[in-house]
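The values are calculated or read from the model by the stated rules, or taken from the named source; none is laboratory data. Quick caveat: nothing in here was measured; it's all calculated off a predicted structure. A quick note on method: Cβ atoms are made from the backbone with ideal geometry, for glycine too, and the neighbour counts reach across all protein chains shown. Accessible surface is based on the protein model in full, side chains and every heavy atom, while ligands, DNA and RNA are left aside. Shrake-Rupley method; radii C 1.70, N 1.55, O 1.52, S 1.80 Å.
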Amino acid sequence: MVPKEALQGMQLFQGLDDSQLDKLARLCQEETYETGDIIFREGSKASKLYLIDYGKAIVEMGHLTEMETGQGIVGVITTGDSFGWSALVEPHYNTGTVRCLTKVKVITINGEELDRLFDADPKLGLHIFRRLASVIARRLRETRQLLAEERQSLSR
């Protein structure tokens, strides 16, 4: 369990009341990773939602992650950000690799336990899924921008 105060600064949980944060806090665990650690790899089974308590990581996607040029980087995630949303969305496989740029402390929530909480409290589930949809849409826009820039640089 994590104190509910640790969840209040998380973008995904903004706007939730104390009782909702209490319910979520009971499901939370903490994990720490060192610089260079891979939290999970693209294509691996997704079982946890992650929230960055502190630190910075990158999201890498596709075959580009094998390149030394860093062209596979599609995003930077930092304090307050969430990732690992695939634990809540079928088919439950991670869509990217997350690598730590600094020491990272995360708060994790098991996806199956969170699904059960959403079944018991649909209002809470709706709120979080709306916030999650916003996160996914923002990351898609950022990825499209990176791809457009890459295509433009290749056509020069």
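Selection of segment 107-140 for residues being closer than 21 Å to Tyr93 by Cα and of a type in the set (D, E, K, R) yields Glu112, Glu113, Asp115, Arg116, Arg130, Arg131, Arg138, Arg139.
In this structure, does Tyr33 turn out to be under 12 Å from Lys105 (Cα atoms), surrounded by 15 or more Cβ atoms within 10 Å (Cβ to Cβ) and at pLDDT 95 or above? Yes; evaluated as a whole, the condition is true for this residue. None of Leu12, Leu7, Leu21, Leu27 is among the hydrophobic types (A, V, I, L, M, F, W, C) and in contact with a Phe, Trp or Tyr (Cβ under 6 Å, 6 or more places away or on another chain) except Leu7.
The residues of segment 12-30 that are surrounded by fewer than 17 Cβ atoms within 10 Å (Cβ to Cβ) and not in a helix (DSSP H, G or I), listed by number, are Gln14, Gly15, Asp17, Arg26, Gln29, Glu30.
Among the conditions (1) within 16 Å of Ile52 (Cα to Cα); (2) modelled with pLDDT under 90, Thr97 misses just one, which is (2). Among the residues of segment 5-50, those identified as without any contact (Cβ under 8 Å) to a residue 24 or more places away in the chain and closer than 19 Å to Ala120 by Cα are Asp17, Asp18, Ser19, Leu21, Asp22. The requirement of being among the aliphatic types (A, V, I, L, M), under 30 Å from Asp22 (Cβ atoms) and either open to solvent by 40 Å² or more (accessible area, probe 1.4 Å) or at pLDDT 95 or above (or both) is satisfied by Ala120.
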